[in-house]
Structure formats: C-alpha cells, structure tokens
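No value in this document is a laboratory result; all are computed from the given coordinates. This is a predicted model, so every value here is computed, not measured. Cβ atoms come from the backbone with ideal geometry, glycine included; neighbour counts cover every protein chain shown.
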Amino acid sequence: MAQFEEVSQKSKLHPKPEGLTLQYGTAGFRTNAKHLDHIMFRMGLLATLRSKKTKSTIGVMVTASHNPEEDNGVKLIDPMGEMVTEVWEGYATQLANAEQDSLLKALKDVIEKEDISMSEPASVYVGKDTRPSSASLSQAVLDGVSSLGGKTHDYGLVTTPQLHYMVCCCNTNGCYGSPTVEGYYQKLSQAFLQLTQNAPNRTDDQKKLLVDGANGIGALKMREMEPFLRSELQVVLSNDGSSGKLNHLCGADYVKVQQKAPQGVCMATGERCCSFDGDADRIVYYYTDSKGRFHLLDGDKIATLISTYLKELLTQAGLNLQIAVVQTAYANGSSTRYLEDVMKVTVCCTKTGVKHLHHAAQEYDIGVYFEANGHGTVLFSKAAQKQILELVKDQNTNDERKRAVKILENTVNLINQTVGDAISDMLVIEAVLAIRGMSVQDWDAIYTDLPNRQLKVTVSDRRVINTTDAERKAVTPEGLQEAIDSLVKKYKNARSFVRPSGTEDVVRVYAEADTQESADNLAHEVSLAVY
Ligand code: 16G
Ligand code: ZN
C-alpha cells in the first residue's frame, strides 16, 4: 500500500536489533539509550495513530527522568495531558517488539483493532530532556510521525510536565493556557505573584530558596522562569548542568533514596532547599538542623501541607467540596494517621505508579495525590472549579470569603493538573508557606515521620509475588504474608510490605517502625522471608 511506503522506507533507517524485546512499563520505555532508536521511530508512528483515533494532539516526551545519563526513554501523552491508556500501552509494546519485516503488519493490526480512519489528520507534540542522546532520539520520533503524514511541533528542550501542559492547552483550545513555554511561565508566575500579595513584608531570607536542578532540564527552565517571578522567589540554583552530570549524586531521587543532601548544594543550617529530578516532574524539600541532622520533606509532607491549606481555604470560603488525599503503600504511616485522625481528610491508597493515583484523584471534588518520592499534583473537578469561579464573581460574599476564594482561584491556576510538576509544585509550596507564615521547620513539625527502610531483593523470578489491597498484602507465594505478619508483630507501630518492582528486576521491601533500628531489622527480616 502506497500509504505505508514511506514508513517502510524510513523504518530501515531506524532498524530494530533482532531479538531485542522491551516493554512499555509504568514509566514508558526506559533503558540504555543505544537500544532506543527504533523504539522512538515506532512511538512516532503510534502517537500518530493515537492522534488520528482521538482526533486530538498527542505528546511524545523523550526522557529517562531520574535514570543515569546513559539511559533514555519515551512516554506518550494523551489528549488531556494524562498518561496513555493501558490498551495503548499494550500496542506500544507490540509495535516496539515487532521484528523489522513484520512492523507494517503490527501497525495495521492496531489500525484494524482500533478502527482508525487513516484519512484523519494527525498532530504530535514532541519534547526532550537534556541527555546527550535525546537530540537524535527525538529526531527519530519526528521521523516516525512524518512518515505517516502526521504534523509535528518540536518543542525541543522542555520538562515533562511542560509538554503535558502544552498538549492539554492545545486540546482545550487555549482554555488551560497558551501552548508555549512563555505561556506556561506567564500562567504560573501570574498566579504565584497574586498569591504572594497575601503575604506582604516577607524578608529576603524568607523569599530565598536553594534549588538543586539535578543537572537537568529543570535547572534550565528555572533560569528561564526566574525573571517572571520578579524576585518574589529568590532562587539560588545549584547543579544547573554547567559542569556536573545529570542526576549524578544529586536530584530528587538521590536525596529521597539516600536521605541526604545532594552534592553541589551549599546549604547553611536551617535553610530551605529542594531538589528536582532529571525531567522536573518530582520534587522533595529538605534542610539540616542545628545538630547537623538532615530533614527530608517528601511527597507525604507535601500532600499534607497542601491539603491542610486547601481545607482551611474551603472552610473560609464556605465551599462544601470534598477533598481527598491519594497515597500509595509507601506513604509514611504518620502522614496517613495525621490526615485521617487530625485533619479528618479522606485518604485513599492505590498501587504505585502515577496513573493509578491520578485516576483515583479524579473521583473527588479535590484530589491531592503524591507519591512519597515527590511526584504529585492536585486535581480539581470541573464542578469544583465552576463553584470557585462563581464565588469569585459573586458580589455578595464578605471580605474573608472573598479573600479565601480568590486564593483558591489562584492556587488552581498555579497547579499543573495534567501531571506532577516540580516547578509548579515548588511555587505552590512556596506560596502556601508564605501565606501561612510558616518556615520549613514549622512545616516539618506538622507530624513526625516514622523511621523507615527500603530494601531491594534480587530473586530468580519476581513475578511469583502477587499482591492485593493496593500492594499492601502478598497473596502469593503461599505463606509469605503470614510470615510478614508475624515479623511485624514483633515491633511497635510497625508495618511492612513487599512488591515486585515495575521498573527493575527486583522485589522491593518496605518497613517502618517506632525506631530506625527496628525499621532496619524488620526490613532485613522481611527480605529474608522473600527468598
Ligand atoms: C515509575 C513511576 C513512579 C513510580 C515508580 C515505581 C510514573 C510516571 N512513574 O517511575 O510513579 O513511583 O515507577 O518504581 O508512573 P518501582 O515499580 O520500580 O518501584
Ligand atoms: Zn521524573
């Protein structure tokens, strides 16, 4: 068929190494960059089909987030800026693994199954992170799209959440904002500047924030955005990519996993710091106290801060909207207890992976979701946004309600609802701290984390472990859960679970207890039970 002639020709320039199989996992495709050229071309093809099917613009982001610099990866973005559906993840895997001579057949299979009309136009937005391999790999995506006659817009270097934002802006005809990097800076900075007007008289020290850019795209974009913030936030940027290696001894993942400050950040006692990850969709905060102890404020602390703030505003505004916090099994038990018992907020737990949290958060008027690793955002239902907007316009509200609802409106505008966004989350946190007059220490003191430990165990086949109850209980192999239960009983305030990793060939073990020693021992004992 003439229609596929170009695909056939161009695919030869992006040949698949025979026998190589890869899977579209929770974070898309991700592996050493040298194995990915054919994957990128094929994801260009798939995005074009997805665009024809949905009659919308689709995004393709070339990044491997917090992985080492040698790796790369690719993720597809659906019309509203969400992750692509599970069925299409399956197509992605099929297309990726078709040997060279059966690529067209695999492509036609998708077209048939989805009943795609090939005469529909297609539009694909492409973005990439700062890895050395990203330039040629994103070119392979563009080749894939154009070989099927799709239109492309190459955004070049952008953060993952910026590309999600562009896709959403485009498909909502500008209602979400203007689909340019400048439009993104303008939308967020205007909301941020309005919010900080509620916190006059802040000192320069209060406005100062140390940012670890992980030597990645987030650093670059933070520099671009700084002038828009008109010194209301005074960013001291480290690991800006000028000399260090991406994610090496720095970045949100390093800080969260190692529970220590990144290299390259010169932090004084008590100073507020944060780290982005390699594609700037995750953020964690931290500081060191006068005894030199490191304090991490992870996704759980962020969710608590933001949900407490939103709940207070809803009360002040007199709005009856249901707010819920979505967590995973990794959420620290103290955070769950605080939210449920003290804040009286609904908490729900889902499986690990952003799409599960995002999906669950959509069930509420306001769904705050964060993974402990710092990936998260807030979703406002259409009805909730409408109520907020109507109240903003209502002439009959008193001053306190008016102020609260105006703050809510600006908060909605500051949040990137399409996906977790380090820059947007950072600005929300900074605004909340400013408005509530809180220091990072005050924030940290809201509750005390239970000591915890995570371990990895390598087993011959991690798939023998199956879990239920949002990964908190093992159903197979037989006897494992009973063994964990009896180990947990030995410790105070203890909890532990195991789950097969979705991104590495390991089983992950999590344990928490009243002391670090107990958490360490419990994690160790549970990991022995896994063998
Ligand atoms: C992926 C997920 C992340 C999750 C992590 C768990 C997305 C975009 N990313 O990176 O949310 O925390 O996997 O990895 O969904 P694991 O299964 O190896 O523990
Ligand atoms: Zn990331």
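Things worth noting here:
- Extent of the stretch 83-213 along its three principal axes (Cα atoms, max minus min coordinate, largest first): 67, 34, 25 Å.
- Relative contact order for the stretch 299-407: 32 percent, from Cα pairs under 8 Å spaced at least 6 residues apart, divided by residue count.
- Considering only beta bridges that DSSP places wholly inside the chain, some 55 percent are antiparallel.
- Projecting the Cα atoms of 276, 530, 231 onto the charge dipole of the chain (Cβ charges, centred on the Cα centre) puts 231 farthest toward the positive pole.
- In a simple Cβ point-charge model (Lys, Arg +1; Asp, Glu -1; nothing else charged), the chain has a dipole of about 400 debye relative to its Cα centre.
- Distances between placed amide hydrogens fall under 5 Å for residue 158 paired with 128, all partners being 5 or more residues away or on another chain.
- Residue-averaged [θ]222 nm for the chain, counting only DSSP H segments that reach four residues, each worth -39500 (n - 2.57): -12500 deg cm²/dmol
- Summing charges over all other residues whose Cβ lies under 13 Å from the Cβ of residue 95, with Lys and Arg as +1 and Asp and Glu as -1, gives +2.
- Hydrodynamic radius by Kirkwood, which averages 1/r over all alpha carbon pairs of the stretch 410-511, in angstrom: 17.0
- Mean projected area (nm²) of the alpha-carbon convex hull when the stretch 1-62 is viewed from all directions: 5.3
- Zero-based 10 Å bins, Cα pair distances in the stretch 299-407, whole percents: 16, 45, 28, 10, 1
- Of the trypsin sites (Lys or Arg not before Pro) found in the stretch 1-77, the ones in coil according to DSSP and having at most 16 other Cβ atoms within 10 Å of their Cβ are 12, 55.
- Among the listed pairs 75/128; 187/355; 34/245; 34/105; 52/105; 208/311, those beyond 20 Å (Cα-Cα): 187/355; 34/105; 208/311
- Bridge type composition, the stretch 2-157 - antiparallel percent by DSSP, nearest 5: 45
- Equivalent ellipsoid of the stretch 452-530: semi-axes from √(5λ) of the C-alpha gyration tensor, largest first, are 20, 13, 10 Å.
- DSSP beta bridges fully contained in the stretch 172-307 are about 50 percent antiparallel.
- Projected-area average for the stretch 183-297 over all orientations - Cα convex hull basis, square nanometres: 7.3
- Binning the alpha carbon pair distances of the chain at 10 angstrom intervals from zero yields the distribution 4, 18, 28, 27, 17, 6, 1, 0, expressed in whole percent.
- Exposure proxy order (Cβ contacts within 10 Å, fewest to most) of 461, 78: 461, 78
- Exposure proxy ranking, count of Cβ atoms within 10 Å, fewest first, for 510, 338: 338, 510
- Annotation for the stretch 21-110: GluC sites (Glu not before Pro) lying in DSSP loop with at most 16 further Cβ atoms inside 10 Å of their Cβ are 70, 99.
- Over the stretch 119-182, the alpha carbon radius of gyration divided by the compact-protein estimate 2.2 N^0.38 Å works out to 1.16.
- Here's how it looks for residue 208: its modeled amide H is under 5 Å from those of 234, which are all 5 or more places away or on a different chain.
- Residue exposure sequence - 209, 137 - by fewest surrounding Cβ within 10 Å: 209, 137
- For the stretch 2-157, a Kirkwood hydrodynamic radius built from all Cα pairs, placed in the Stokes-Einstein relation at 10 °C and 1.306 mPa s, yields a translational diffusion coefficient of 106 µm²/s.
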